[in-house]
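Remarks on the structure that follows.
Throughout, read-outs are computed from the coordinates displayed, never taken from laboratory work. Since the model is a prediction, treat every value here as computed from it, not as a measurement. Cβ atoms come from the backbone with ideal geometry, glycine included; neighbour counts cover every protein chain shown.
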Amino acid sequence: MAADAIMAGGQKNSRCSSDAVGPLVMAVTPPILRVCGVTVRFGGIVALDAVDFDVPAASVFGMIGPNGAGKTTMFNCISRLYAYQSGDIIFEGASITATPTHRIAGLGLGRTFQNLAMFKTMSVRQNVMVGGHTRSRAGFLASALRLAGVAAEERRLRERADDVLDFLELGTVADRPVGDLPFATQKRVELARALACEPRLLMLDEPAAGLNHEELGALARLIRDIRDRLGVTVLLVEHHMGLVMDVSDRIVVLNFGRKIAEGAPQEIQRNATVIQAYLGTPARARAA
Ligand SMILES: Nc1ncnc2c1ncn2[C@@H]1O[C@H](COP(=O)(O)OP(=O)(O)OP(=O)(O)O)[C@@H](O)[C@H]1O
Ligand SMILES: [Mg+2]
């Protein structure tokens, strides 16, 4: 990360400035997330180049692009793990550019990681309860001293964890150490932990990687259930095109840090620039 990163929230020229939102746009439900002109440089590499997109609430929004396109970097910006040199990110109408990363989950932004990140020797339930702690009302000192109210808080976290485990059909493995479970189940536990934060926007970074055909079908159903039954918006980064096209309401495509397309799955599938980015040759040249 560049040391001289400038937090430039709410820039005047950003697509997010108030004069960019006309009366017609205001009449419909505002997007849950607005990414406005976000630029990230690592030394000479421009990982994100003035990227703009809006994520509609209660949708599945796919983000695709070849390796190195900037997808995980974008997740890291939204999680505030990375600083951006310019641009702004607006969650539920308020800029999060100046929000420290430890406050992000508490705001209602949950995520999973491209590489599994869990406590392997702890049980499934304990891992999921760690997620719920971001919403815990008991402070660190009160918890350490086991003050009154902490036991009730622990009970609440446990109940919340068990609800999420039931939703994800993980109840039968709740007491098993995560490290003993098959890979696909471990990925589901990571998702459970993210859901235990009670997010309103859930970011999934390559949830299908390493899954077999049957597990992919279950994941597609689960992503739809998260949107339809929990009302949680899903921002999905994925290389598995079948899954992205199947579950996404809308898709943004990045290539070398730039947004090259955005639209409904059917539009993206036949977009010549997208096909060229993935295959490395112009669509017309391949057809010839
Ligand atoms: N912390 C970092 N330091 C330096 N360069 C980085 C860092 N993180 C990402 N990059 C670079 O930024 C570019 C975008 O990387 P990123 O991981 O966001 O791509 P991606 O779209 O997630 O790719 P993949 O599909 O392979 O996961 C790459 O050139 C990568 O090497
Ligand atoms: Mg990535």
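Numbers at a glance
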quantity: Pair Glu159, Thr29: separation of 7 Å Cα→Cβ label points (nm); calculated: 2.8 nm
quantity: Paramagnetic reach from Ala264 in the range 231-250 [backbone N under 18 Å; point 7 Å along Cα→Cβ]; calculated: 244-250
quantity: Footprinting exposure proxy for Asp228, Asp163, Asp54, Asp88 (fewest neighbouring C-beta atoms within 10 Å first); calculated: Asp228, Asp163, Asp54, Asp88
quantity: Ala98 paired with Phe119, simple spin-label distance in nm, labels 7 Å along Cα-to-beta-carbon; calculated: 3.4 nm
quantity: Which of Val150, Val189 has the fewest Cβ neighbours within 10 Å, and the rest in rising order; calculated: Val150, Val189
quantity: Likely footprinting exposure, Val40, Val128, Val244, fewest C-beta neighbours within 10 Å first; calculated: Val244, Val40, Val128
